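K.L.:
Input: one structure, supplied below.
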Amino acid sequence: MAKRIQAIRGMNDILPEETPRWRHLEDTVRRLVESYGYQEIRLPLVEMTELFKRSIGEVTDIVEKEMYTFADRNGDSLTLRPEATASCVRAGIEHGLFHNQTQRLWYLGPMFRHERPQKGRYRQFHQVGVEAFGMPGPDIDAEMILMSARLWGMLGLDGLELQLNSLGSAECRAAYREELVAYLGAYRDRLDQDSLRRLERNPLRVLDSKSSDMQELIAAAPRMVDHLDAESAEHFVNVQAVLERSGVAYRVNPRLVRGLDYYGKTVFEWVTDELGAQGTLCAGGRFDGLVEQIGGSPTPAVGFALGIERVVAMLQQRDLSPSACVPHVYLVTVGEPARQAGLVLAERLRDQLPAVRVLGHCGEGGFKAQLKRADRSGAPLALIIGEEEARNGVVGVKYLRADREQVSVPLGELAALVAQAVAAS
């Protein structure tokens with residue numbers, strides 16, 4: 001017997017009983033972003049490796065350790081996308097979307113990072129991204145946050161905490177970086193290996209350490225919000241003012257940084273303590289320098305991404321997601337003439353009642369076996385066609401979820417009866 005092939009570790013199948021939750025989230029996101037005037041963009045799964053080195057930063061964990069990179073037959077270095085903001089910016093530059101115009105874009109799809117799989121963190125994971133280009137003011141930052149807050153309301157998810165911070169301009173970040181390096185350098189003997197590596201290459205990421213031994217040291221570190229220039233400070237104040245006037249609660253977290261190099265000014269995260277260590281559901285911020293960094297003209301930009309797996313887990317945990325797709329009608333047929341008549345009837349019902357789900361029995365199976373399958377399907381109605389029903393132009397209607405007698409209904413009256421029964425179920 002051949003060895004059984006299994007899915008790659010950290011790359012999961014999404015089974016039929018799970019997909020209704022995914023569709024519910026995806027459909028809700030689509031309604032939300034379209035109501036704000038955002039347009040969908042669809043991006044390749046594979047990009048030139050150089051795109052991510054330029055955008056994410058060569059000294060980040062993602063580029064150094066987590067990307068799926070390979071040489072194609074032409075010898076080009078290609079990478080499965082670890083995130084899609086860089087792809088969105090590349091597409092905008094390539095197709096002239098940012099030239100003297102603003103853009104509001106969104107996308108959905110899988111990303112890939114080779115990291116240790118655990119609950120809420122997988123090697124193939126899925127994100128929704130929402131991004132706006134060409135608008136430098138705090139109003140679009142606030143709109144992004146308000147949009148994400150509205151999503152939680154549409155999904156029925158309450159109790160999430162919004163954390164907010166500002167990373168300031170490139171100039172004040174550089175000055176803060178020097179002060180932070182000086183502070184952390186005085187405590188090198190207390191830094192773990194990850195923090196020592198980040199200290200040399202990306203010291204702001206030390207503030208994002210989850211090591212319990214590091215928390216006291218991080219809490220006493222200089223704060224970025226105390227080193228903002230006047231323009232960045234005013235920008236941050238105005239974002240907060242809109243949130244307060246809109247009734248969106250938040251907490252300024254001076255230790256909040258983003259894991260990618262291209263962020264500056266506003267950064268935010270929606271977090272929960274219900275999913276263990278992977279408590280961030282949604283995160284984003286402003287990335288004004290990225291378009292120029294990838295080769296375009298200077299273009300202000302802001303956006304956020306949410307992890308679909310984590311939001312789906314929250315919906316499931318709180319029992320807020322729809323159940324599996326259940327048919328309204330199960331069609332039972334006995335004998336070849338009845339089977340053919342049943343296929344025709346099923347198509348007629350789908351034409352007359354497009355919202356009604358009709359599951360036809362195909363293949364072998366006696367009358368009793370088909371009725372058992374009809375009951376297990378969860379359908380409220382079984383429609384029965386035997387040789388006699390086919391000959392007389394009627395259909396037997398058996399109520400599977402109600403205490404009612406089976407009846408025979410002429411074909412011309414069937415659609416009205418099914419519509420009534422489905423509405424009542």
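Every read-out reported here was derived from the displayed coordinates using simple, explicitly stated rules and does not represent laboratory data. Values in this document were obtained by computation on a predicted structure and should not be read as measured data. FYI the Cβ positions are ideal-geometry reconstructions off the backbone, even for glycines, and counts take in every protein chain you see.
K.L.:
Could you bin all the Cα-Cα distances of the range 55-172 into 5 Å bins starting at 0 and give me the percent of pairs in each, rounded to whole numbers?
P.N.:
Percent of Cα pairs in each bin: 2, 8, 13, 16, 20, 19, 13, 6, 2, 1, 0.
K.L.:
By per-residue mean of other Cβ atoms within 10 Å, what is the highest-first order of 4-17, 303-316?
P.N.:
So the order, starting with the most tightly packed, is 303-316, 4-17.
K.L.:
In whole Hz, with x marking every Gly and Pro, tabulate ³J(HN,Hα) for the range 339-345 from phi via Karplus 6.51 cos²θ - 1.76 cosθ + 1.60, θ = phi - 60°.
P.N.:
Here the 3J(HN,Hα) series is 4, 5, 5, x, 4, 5, 4 Hz.
K.L.:
Sticking to Cα atoms, compute the Rg of the chain to one decimal and its Dmax as the biggest Cα-Cα distance, whole number, in Å.
P.N.:
Computed over the Cα atoms of the chain, radius of gyration and Dmax are 27.9, 93 Å.
K.L.:
Okay, moving on. Could you give P(r) for the range 329-424, binned at 10 Å from zero, as whole percent values over all Cα-Cα pairs?
P.N.:
Whole-percent P(r) values from 0 Å outward: 17, 56, 26, 0.
K.L.:
Next question, about the same structure. Quick check on the chain: helices-only [θ] at 222 nm, where DSSP H runs of length 4 and up contribute -39,500 (n - 2.57) each and the sum goes over total residues. Nearest 500, please.
P.N.:
Helix contribution divided over all residues of the chain: -11500 deg cm²/dmol.
K.L.:
Further, regarding this structure: Step through the residues of the range 360-374 one at a time and calculate ³J(HN,Hα) from phi using the Karplus curve (6.51 cos²θ - 1.76 cosθ + 1.60, θ = phi - 60°), rounding each to whole Hz and writing x for Gly and Pro.
P.N.:
Those phi angles translate into x, 6, 10, x, 7, x, x, 4, 5, 5, 5, 5, 4, 5, 4 Hz.
K.L.:
In addition: Placing one identical point scatterer on every Cα of the range 1-82 and ignoring solvent, what is log10 I(q)/I(0) from the Debye formula at q = 0.16, 0.19, 0.22, 0.25 Å⁻¹?
P.N.:
After summing over all Cα pairs, the log10 values are -0.97, -1.03, -1.04, -1.09.
K.L.:
If you don't mind, there's one more thing I want to ask. Give the span of the range 54-96's Cα atoms along each principal axis, as three whole-Å numbers ordered largest to smallest.
P.N.:
Projected onto its principal axes, the Cα set of the range 54-96 covers 31, 27, 13 Å.
K.L.:
Continuing with this model, one more query. I need the calculated FRET efficiency for the pair residue 402 and residue 373, taking r as the beta carbon distance and R₀ as 25 Å, to the nearest 0.05.
P.N.:
The computed FRET efficiency comes out at 0.85.
K.L.:
Please give every one of the lysines within straight-line cross-link reach of residue 3, meaning a C-alpha to C-alpha distance under 30 Å, and leave out same-chain neighbours fewer than 8 residues apart.
P.N.:
Reachable lysines: 119.
K.L.:
Shifting gears a bit: Which ³J(HN,Hα) values, rounded to whole Hz and listed in residue order, are derived for the range 250-256 from phi using the Karplus coefficients 6.51, -1.76 and 1.60 in 6.51 cos²θ - 1.76 cosθ + 1.60 with θ = phi - 60°, glycine and proline given as x?
P.N.:
Result, rounded to whole Hz: 8, 10, 6, 10, x, 9, 6.
K.L.:
Can you pull out the GluC sites (Glu not before Pro) in the range 324-407 that DSSP calls coil and that have at most 15 other Cβ atoms within 10 Å?
P.N.:
When the GluC sites (Glu not before Pro) of the range 324-407 are filtered for loop state and at most 15 Cβ neighbours within 10 Å, 364, 405 remain.
K.L.:
Which loop-located trypsin sites (Lys or Arg not before Pro) does the range 42-126 contain, where loop means any DSSP state but H, G, I, E or B and the Cβ has at most 13 other Cβ atoms within 10 Å?
P.N.:
42, 73, 119
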